[in-house]
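I have placed the structure first, in the form of structure tokens, so that the comments after it can refer back to it.
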Amino acid sequence: MEIAEFEITQYKNSIQSGLGFSVTLPDILRIQHEPPVPFQERVRQEGYPEFQVDMLEDTGNRIFEFFSKDHDYRIGFQKGLLALIYNGTSIHYENIRTRIEYMMNTFIDLYSPAYFKGVNLRHQYSIDVSFLRNLDIDLNLCVPTYIFPEVSTPFSENLYALSKVSRFTYNGVEIIANYDFFPIETNNRELYSVSIGCLYEQDIGDINVILTKFDELKQTAWNVLHSSITDYLREAMAEVN
């Protein structure tokens, strides 16, 4: 895969985006047995008024989630994982970094001592039908041919689905890249989606080290993500001056 360096920027016609940053830690058993009332009281004051608890099917563990008013941000944790997740159309890294710092400090205050085993950042772009129609652009020209060579051949006329998973190391980080392409509109499915996961599985010291790793991983994910779309798509999104 051809990976280039890209400056992080904002786009005025950005496609659907998602970002998740999670921190792994040794299991804290009381998370499964005590309702996180003090945690909820704290985060309610910082713009996460809604709460829900789910049961994970694979482990049977409970996961507690705290949602912002518009449901674009949420904090989630279980006995061995703490995460901040964003879904929307405009990634603001400084805002996300501030929210991660608050989340970590709140968690450490209530579940001290806390030790951290690694971090994981996942960044996703998704092109849907409404985006294509609003800007009147060609889906095939948004997909790099080195990811899906089929889009530039006569074979493309008969395509209805392509999928690819790549695992590699970049900038000293393990990368898991998932690509899905559906050139035929079906059930409002995302037509082209790219999901980039960056894994750093080493013991981490304090919160400052975690924030430093976030800064490093966001740039790594951004480079891989933007190497997975074309200049044609970036021009359609149009940078904000």
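The values are calculated or read from the model by the stated rules, or taken from the named source; none is laboratory data. Treat the numbers as computed from the prediction; the structure is a model and nothing was measured. Positions of Cβ are generated from backbone atoms using ideal geometry, with glycine treated the same way; all protein chains shown enter the neighbour counts. For accessibility, only protein heavy atoms count, side chains too; no ligands or nucleic acids. Shrake-Rupley method; radii C 1.70, N 1.55, O 1.52, S 1.80 Å.
Values as computed for the structure displayed
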{"item": "Restricting segment 30-62 to residues that are modelled with pLDDT of 90 or more and among the aliphatic types (A, V, I, L, M), the residue that is farthest from LEU110 (Cα to Cα)", "result": "VAL53"}
{"item": "Unique residue being open to solvent by less than 40 Å² (accessible area, probe 1.4 Å) and not charged (D, E, K, R) when the list is VAL173, VAL165", "result": "VAL173"}
{"item": "Output for segment 91-138, where each listed residue is under 20 Å from GLN40 (Cβ atoms), assigned to a loop (DSSP other than H, G, I, E, B) and of a type outside the set (S, T, N, Q)", "result": "TYR111, ALA114"}
{"item": "Scope segment 50-78; condition of a type in the set (Ser, Thr, Tyr) and open to solvent by 50 Å² or more (accessible area, probe 1.4 Å); matching residues", "result": "THR59"}
{"item": "Top-ranked residue of segment 7-49 - restricted to ones that are under 23 Å from ARG97 (Cα atoms) and of a type in the set (Lys, Arg), ranked as surrounded by the most Cβ atoms within 10 Å (Cβ to Cβ)", "result": "ARG42"}
{"item": "Some residue of segment 142-162 being open to solvent by 50 Å² or more (accessible area, probe 1.4 Å) and under 26 Å from ASN95 (Cβ atoms)", "result": "no"}
{"item": "Test result for LEU110, in contact with a strand residue (DSSP E or B) (Cβ under 6 Å, 6 or more places away or on another chain) and either within 27 Å of GLY172 (Cα to Cα) or modelled with pLDDT of 90 or more (or both)", "result": "no"}
{"item": "Subset of segment 2-43 [in contact with a strand residue (DSSP E or B) (Cβ under 8 Å, 6 or more places away or on another chain) and over 24 Å from LEU217 (Cα atoms)]", "result": "ILE31, GLN32, PRO36, PHE39, GLN40, VAL43"}
{"item": "Index of the failed condition, THR220 passing every other in (1) surrounded by fewer than 14 Cβ atoms within 10 Å (Cβ to Cβ); (2) modelled with pLDDT of 95 or more; (3) among the polar types (S, T, N, Q)", "result": "(1)"}
{"item": "Subset of segment 180-217 that is more than 21 Å from ASP128 (Cβ to Cβ) and touching a helix residue (DSSP H, G or I) at 6+ places or on another chain (Cβ under 7 Å) - its residue that is surrounded by the most Cβ atoms within 10 Å (Cβ to Cβ)", "result": "CYS198"}
{"item": "Among residues of segment 79-95, those that are open to solvent by 40 Å² or more (accessible area, probe 1.4 Å) and modelled with pLDDT of 95 or more, counted", "result": "1"}
{"item": "Residue satisfying all of: in segment 104-122; over 15 Å from ILE204 (Cβ atoms) and open to solvent by less than 60 Å² (accessible area, probe 1.4 Å); nearest to the chain's Cα centre (by Cα) among these", "result": "THR106"}
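Per-residue answers, yes or no, for (1) out of contact with any Pro (no Cβ under 6 Å at 6 or more places or on another chain); (2) at negative phi; (3) acidic (Asp, Glu); (4) in contact (Cβ under 8 Å) with a residue 60 or more places away in the chain:
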position: GLU65; (1), (2), (3), (4): yes, yes, yes, no
position: ARG74; (1), (2), (3), (4): yes, yes, no, no
position: SER90; (1), (2), (3), (4): yes, yes, no, yes
position: ILE108; (1), (2), (3), (4): yes, yes, no, yes
position: TYR111; (1), (2), (3), (4): yes, yes, no, yes
position: LEU121; (1), (2), (3), (4): yes, yes, no, yes
position: ASN140; (1), (2), (3), (4): yes, yes, no, no
position: THR153; (1), (2), (3), (4): yes, yes, no, no
position: THR169; (1), (2), (3), (4): yes, yes, no, no
